[in-house]
Structure formats: C-alpha cells, structure tokens
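Okay, so here's the structure we're looking at.
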Amino acid sequence: AHAHFQGEQRGVAIAAIGLGITTLTQGNLGASLAALSLAVIGIAAATPLFFTITTEYLAKVGAAAGIALISSLGNLGAAASPAVTGAITARTGSPVYSMYLVIALYLLSGIILLLAVRSARTPKNVQG
C-alpha cells in the first residue's frame, strides 16, 4: 500500500541533485538551465508527497491540521526566503551559499519523509 511513496521520495533527491549541479555549473547557461530543469522536475515530483503522506497516515482532523501546517510553512518559506538569501549573500559575498541551504533543507525533508514512512509502517502495540 505504501509502494507509491518509494518513487515519489526520489523527487526530493532529484531536486537536491539538480540544485547541486546548478551551483557547479555557474557561468555555463546551457548546463545551468539543464540542472535547474532537473531540480524543478524533482521539486514538482516531491511536493505532492507531503500532502499525500499527511492524508495517508493521519485521521481526518489530524490530516486537515497537517495540510494547514504544510501550506503555512510553504507560504512562510516564500515570504522569508528573500530576507534569508539577502542575509546569507551579505555575510558570505556569494548567493551560492543560499542554494546550499536549500539543498540541505531538501535532503533533511527527504530523511524526515523516509523516517516518517518507515515508522508508520512499523506496527505498534501488536498483541500476540
């Protein structure tokens, strides 16, 4: 029943890899666009997973709260990212470190998803 999460979890890794390659291909427009396209494919594949996993593992009230939290954090990220990017760029002198932060956050989200799916599969209070 949870096999469909296996492929979607790869989207998080694809996004991180694409973003990582983007940082390595600075100055090469074609390679940067290709890497950024790969990252967008991964992001598009990973985003629905957060909503799907919420409704799969939580009761209706909990799922509604989970979806609201995910949406709120997504909106907060869009509001806070320019300030964070500016602060990192001002501190380091390069915007590439902001991309490293995004890559780290994608990898962290992938690890959290793996742990969440794995722990939800583990039967609790099994009586025998």
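The values are calculated or read from the model by the stated rules, or taken from the named source; none is laboratory data. Because the structure is a prediction, the values reported are computed rather than measured. Note: ideal-geometry Cβ built from the backbone for every residue, glycine included; neighbour counts use all protein chains shown.
Screening Leu108, Leu69 for residues that are under 15 Å from Ala46 (Cβ atoms) and loosely packed, with under 13 Cβ neighbours inside 10 Å leaves exactly one candidate, Leu108. Yes or no: region 4-18 includes at least one residue that is surrounded by 15 or more Cβ atoms within 10 Å (Cβ to Cβ) and over 26 Å from Leu115 (Cα atoms). Looking for residues that are surrounded by 15 or more Cβ atoms within 10 Å (Cβ to Cβ) and over 26 Å from Leu115 (Cα atoms), one finds none in region 4-18, hence no.
Filtering region 19-49 to residues that are buried (at least 20 other Cβ atoms within 10 Å of the Cβ) and within 10 Å of the chain's Cα centre (by Cα) leaves Gly42, Ala46, Leu49. Remark: pairs (first residue in region 8-21, touching a residue at least 40 places away in the same chain (Cβ under 8 Å); second residue surrounded by fewer than 21 Cβ atoms within 10 Å (Cβ to Cβ) and among the polar types (S, T, N, Q); Cβ separation under 8 Å; 6+ apart in sequence or on different chains) = Glu8/Thr52; Val12/Ser109. Only residues that are modelled with pLDDT of 85 or more and more than 25 Å from Ile14 (Cα to Cα): list them for region 40-68, please. Result: Ala59, Lys60, Val61, Gly62, Ala63, Ala64, Ala65, Ala68. Residue count for region 36-79 under the criterion of being among the aromatic types (Phe, Trp, Tyr), more than 15 Å from Ser109 (Cβ to Cβ) and without any contact (Cβ under 8 Å) to a residue 40 or more places away in the chain: the result is 0. Kindly check whether there is at least one residue in region 73-85 that is of a type outside the set (Asp, Glu), at pLDDT 90 or above and under 23 Å from Leu115 (Cβ atoms). Checked against the condition, which is being of a type outside the set (Asp, Glu), at pLDDT 90 or above and under 23 Å from Leu115 (Cβ atoms), region 73-85 yields at least one hit.
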